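A.B. asks: Submitted below is the structure of interest, expressed as structure tokens.
Throughout, read-outs are computed from the coordinates displayed, never taken from laboratory work. In this text the structure is predicted, and so the values were computed from the model without any measurement. A quick note on method: Cβ atoms are made from the backbone with ideal geometry, for glycine too, and the neighbour counts reach across all protein chains shown.
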Amino acid sequence: LERQLLMQNQMRERQAAMQIAWTREFLKYFGTFFGLAAVGLTAGAIKKKNPGVLLPVVPLSFIFAYQYDMGYGTLLQRMKVEAENIMDTQSTLLELPKGLLTFEDLEKIRRSQSKFFVEK
């Protein structure tokens, strides 16, 4: 059981590391896109003398800030603290519908789905 717990924790850590790495890689591409879009939209706004052309920069900047915070900032630590808070103070939100699955429940499901099982 201890080995299984260690293995599950290792898999969780590897998945989390892959998610962070993916976010950092995505940030490189999105950052380039955001920079080019900001420069292009600024040039367009100056050329047309219309500041409304800069409007798409606002939502793009929120996306960029979120991705940066996820990849290099403290978003994951804040999410962990919030998750711990939910577990400590609002545990009823985490309850499964119909409660925990028991062995008897699994057997009922298995029997109902089995084509070869004959109930006596």
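A.B. asks: Give me the pairs, please: first residue somewhere in the range 41-59 and closer than 21 Å to residue 30 by Cβ, second residue anywhere and of a type in the set (S, T, N, Q), beta-carbon distance under 7 Å, and either six or more positions apart or on two chains.
C.D. replies: The qualifying pairs are 54/42.
A.B. asks: Separate question: Could you tell me whether residue 106 is exposed (fewer than 13 other Cβ atoms within 10 Å of the Cβ), among the aliphatic types (A, V, I, L, M) and not in a helix (DSSP H, G or I)?
C.D. replies: no
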